[in-house]
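Contents: one structure, followed by commentary.
The values are calculated or read from the model by the stated rules, or taken from the named source; none is laboratory data. What you are looking at is a predicted structure, and each value in this text was computed from that prediction instead of being measured. Here Cβ is always computed from backbone atoms with ideal geometry, including for glycine, and neighbour counts include all displayed protein chains.
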Amino acid sequence: MGFSFSRAWSIARKEFSHLARDPYILSLALGLPVAFLIFFGFTINFDIRDVHIGIVDGDNTPVSRKLIEVFHGSDYFHPEKLALTAHPLKRLDEEKDRAILIINPRFGRRIEGGKSSQAQIVLDGADNLISSIVSGYISGIQSAANQRIGAHWGDWKWPIRLKTRYLFNPELNNYWFFVPGLIAVINGLVATLLTAMTVAKEWENGSMELLLSTPLRPSEIIFGKIAPYAILGMIEVWFVFILARIVFHVPMRGSYGALFVSSALFLAGMLAQGLLISVVTRQQQLAVQTAMNAGLLPALLMSGFIFPVENMTPFFRRLTELFAVRWFMQILRPVFLKGAGFKDLKTEFFALFFLTLITVAISIKSFKKDVEP
């Protein structure tokens, strides 16, 4: 007896009616992604502004004041001039400042004489992430200061000027980078959680054993269980997509078809993963805990969402290829920001399809008809 779509659809209709009578599941499926996107979208931000920097000006000349003006004109720094008798390193230790600019005497005299001069910046290196970001800001300040000071003092020439232009995200908008990635993280987590929780509940109640005693095939039961949540998941994808466009103003430059197909493939794999978790655990509480770990940790650590895959060691870089969320992440950002379509992302689509196929196959095989006594 082969696969019967009518029998599978009967299971799907039963799940639809169950969802309609369960406002908790509906709110979890539709409300949780929206809440997560708003919460994480506004809290995850690597753009650091108003960095407190103390300034010890031992020169106090027009040249040193011009350098300080560059810091004042930046949106990233909040400069505060300190007395010469101040203890700047103590201010770093007390976290009153993130950085200290020390301008030595004769700083301006050397520049006015056509010579190069140096000023020292001391950074608080306890938080290396913030320090590296601030260091990048200071490099930009240095370039701006060189041009401004060189235009007024010294016999300096600037035969070459490099002008940087950023493609796809001209303002380096933090939301444009993180929100497409959050779509993958949130939808994958919710899809895994939904099927793991609801099917494990049926194992606990004993209704799954009754279902398995019928002539239904495991593949038909799996299709009937997954189909309603797949439809609900696609509605959830468009909810989050609309929110990303309206609230965070993320552009959509690529193919809507590529977005739809990749989302459907990814959701199918995550729903099958949740079903597999429910089969292994058969306890709702344990299934929820396992689904949270299986859905969240790979999405955050192994997908390139926070840490670039290219910067990982070769072993972990290869390990990320086993997670569908890594390939879905590599589809979403180019589709949103670069205008990519199917032709541009053939490798990513093939990998996502292959991993989804394997996950679904393992779920079907694990979903045995014979229930252990």
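Taking into account only those residues within segment 38-65 that are among the acidic types (D, E) and exposed (fewer than 15 other Cβ atoms within 10 Å of the Cβ), which is nearest to L92 (Cα to Cα)? Give the steps one after another, and end with the answer.
Taking segment 38-65 as the starting set, the residues that turn out to be among the acidic types (D, E) are 47, 50, 57, 59.
Subsequent filtering for residues that are exposed (fewer than 15 other Cβ atoms within 10 Å of the Cβ) retains 47, 50.
On the way: D47: 21, D50: 16 Å.
If we take residues in segment 38-65 being among the acidic types (D, E) and exposed (fewer than 15 other Cβ atoms within 10 Å of the Cβ), then D50 is nearest to L92 (Cα to Cα).
How many residues does segment 36-86 hold that are of a type in the set (A, V, I, L, M) and part of a loop (DSSP other than H, G, I, E, B)? Can you show your working first?
Pass one, segment 36-86, residues of a type in the set (A, V, I, L, M): 37-38, 44, 48, 51, 53, 55-56, 63, 67-68, 70, 82-84, 86.
Now narrow it down to the ones that are part of a loop (DSSP other than H, G, I, E, B): 44, 48, 83-84, 86.
Counting residues in segment 36-86 that are of a type in the set (A, V, I, L, M) and part of a loop (DSSP other than H, G, I, E, B) gives 5.
Any residue at all in segment 199-222 that's closer than 21 Å to A340 by Cβ, crowded, with 22+ Cβ neighbours inside 10 Å and modelled with pLDDT of 80 or more? Quick ask: steps written out before the conclusion?
If we filter segment 199-222 for residues that are closer than 21 Å to A340 by Cβ, which is where we start, we get none.
No: zero hits.
Can you tell me how many residues within segment 234-258 are surrounded by 13 or more Cβ atoms within 10 Å (Cβ to Cβ), of a type in the set (S, T, Y) and part of a helix (DSSP H, G or I)?
Of the residues in that region, 0 qualify.
Results for (1) within 20 Å of the chain's Cα centre (by Cα); (2) farther than 21 Å from R13 by Cβ; (3) modelled with pLDDT under 90, shown as yes or no for each residue.
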position	(1), (2), (3)
P228	no, no, yes
I246	yes, yes, no
V261	no, yes, no
L265	yes, yes, no
L275	no, no, yes
Q285	no, yes, yes
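It is to be established whether one or more residues within segment 312-330 are aromatic (F, W, Y), at pLDDT 90 or above and either within 22 Å of N45 (Cβ to Cβ) or not in a helix (DSSP H, G or I) (or both).
Within segment 312-330, the subset aromatic (F, W, Y) is 315-316, 323, 327-328.
With the extra rule that they be at pLDDT 90 or above, the set shrinks to 315-316, 323, 327-328.
Add one more test, that the residue is either within 22 Å of N45 (Cβ to Cβ) or not in a helix (DSSP H, G or I) (or both), and what stays is 323.
Among the residues of segment 312-330, at least one is aromatic (F, W, Y), at pLDDT 90 or above and either within 22 Å of N45 (Cβ to Cβ) or not in a helix (DSSP H, G or I) (or both), which makes the answer yes.
Hey, T290 hits all of (1) of a type outside the set (A, V, I, L, M, F, W, C); (2) farther than 23 Å from L275 by Cβ; (3) surrounded by 15 or more Cβ atoms within 10 Å (Cβ to Cβ) but one; which does it fall short on?
(2)
Among the residues in segment 265-282, are any exposed (fewer than 15 other Cβ atoms within 10 Å of the Cβ) and hydrophobic (A, V, I, L, M, F, W, C)?
Checked segment 265-282: at least one residue is exposed (fewer than 15 other Cβ atoms within 10 Å of the Cβ) and hydrophobic (A, V, I, L, M, F, W, C).
For the list (1) out of contact with any Asp or Glu (no Cβ under 7 Å at 6 or more places or on another chain); (2) loosely packed, with under 12 Cβ neighbours inside 10 Å, I need the number of the one condition that G114 fails.
Evaluating G114 over (1) out of contact with any Asp or Glu (no Cβ under 7 Å at 6 or more places or on another chain); (2) loosely packed, with under 12 Cβ neighbours inside 10 Å leaves (1) as the failure.
What's the number of the only condition in (1) exposed (fewer than 15 other Cβ atoms within 10 Å of the Cβ); (2) under 17 Å from the mean Cα position of the chain (by Cα); (3) of a type outside the set (F, W, Y) that L301 fails to meet?
Every condition holds for L301 apart from (1).
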